[in-house]
Amino acid sequence: QEQLVESGGGLVQPGDSLRLSCAVSGLTLDYYSIAWLRQVPGKEREGVSCISSFSGSDGRSYYADSVKGRFTIFRDLAKNTVYLQMSSLKPEDTAVYYCAADEYSCSVVFGGNEYDYWGQGTQVNVSS
């Protein structure tokens, strides 16, 4: 059964760092693009970052303009896990963060919300 499970969310102060994990099971991680998206109440779900598969794609990473230079996406194939390293966090980063997987490259799916598989989300609160 295909499953994505996020973890690592919590309450932090502005300027802090946080690492989110997306544990993937039931599918071969290096065949899928993995994206991080976030959503706040009353707003549209926003793509944060995406990393394409090396097998069948180019392995390229993508970032929303709002997080460039602060967030980094990377994967550990041995652990079947994708991470989102978040630094210099701001209050506006507060959201529920989701990971999602798709067989298409990030160049195709990033910016939308039509992914093949979704995690349940993890809450990130950035507040003084």
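The values are calculated or read from the model by the stated rules, or taken from the named source; none is laboratory data. Given the structure is predicted, the values throughout are model-derived calculations rather than measurements. Using ideal geometry, Cβ is built from the backbone for each residue, glycine included, and neighbour counts are taken over all protein chains shown. Areas reflect the complete protein model, heavy atoms only, side chains present, ligands, DNA and RNA absent. Shrake-Rupley method; radii C 1.70, N 1.55, O 1.52, S 1.80 Å.
Overview of values
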| quantity | calculated |
| --- | --- |
| Residue within region 42-53 that is under 17 Å from Val124 (Cα atoms), small (Gly, Ala, Ser), out of contact with any Asp or Glu (no Cβ under 7 Å at 6 or more places or on another chain) and open to solvent by less than 50 Å² (accessible area, probe 1.4 Å) present | yes |
| Residue match in region 57-64 (condition: in contact with a Lys or Arg (Cβ under 7 Å, 6 or more places away or on another chain) and open to solvent by less than 70 Å² (accessible area, probe 1.4 Å)) | no |
| The one condition in (1) modelled with pLDDT of 95 or more; (2) open to solvent by 70 Å² or more (accessible area, probe 1.4 Å); (3) part of a loop (DSSP other than H, G, I, E, B); (4) more than 17 Å from Glu2 (Cβ to Cβ) that Val67 fails to fulfil | (2) |
| Residue match in region 5-15 (condition: open to solvent by 60 Å² or more (accessible area, probe 1.4 Å) and more than 22 Å from Gly111 (Cα to Cα)) | yes |
| Residue list for region 1-48, restricted to those being within 22 Å of Glu103 (Cβ to Cβ), among the small types (Gly, Ala, Ser) and touching a residue at least 40 places away in the same chain (Cβ under 8 Å) | Ser21, Ala23, Ser25, Ser33, Ala35, Gly47 |
| Residue satisfying all of: in region 11-46; part of a strand (DSSP E or B) and more than 15 Å from the chain's Cα centre (by Cα); farthest from Thr72 (Cα to Cα) among these | Ser25 |
| One residue from Leu77, Leu84 being loosely packed, with under 15 Cβ neighbours inside 10 Å and either of a type in the set (S, T, N, Q) or within 22 Å of Leu18 (Cα to Cα) (or both) | Leu77 |
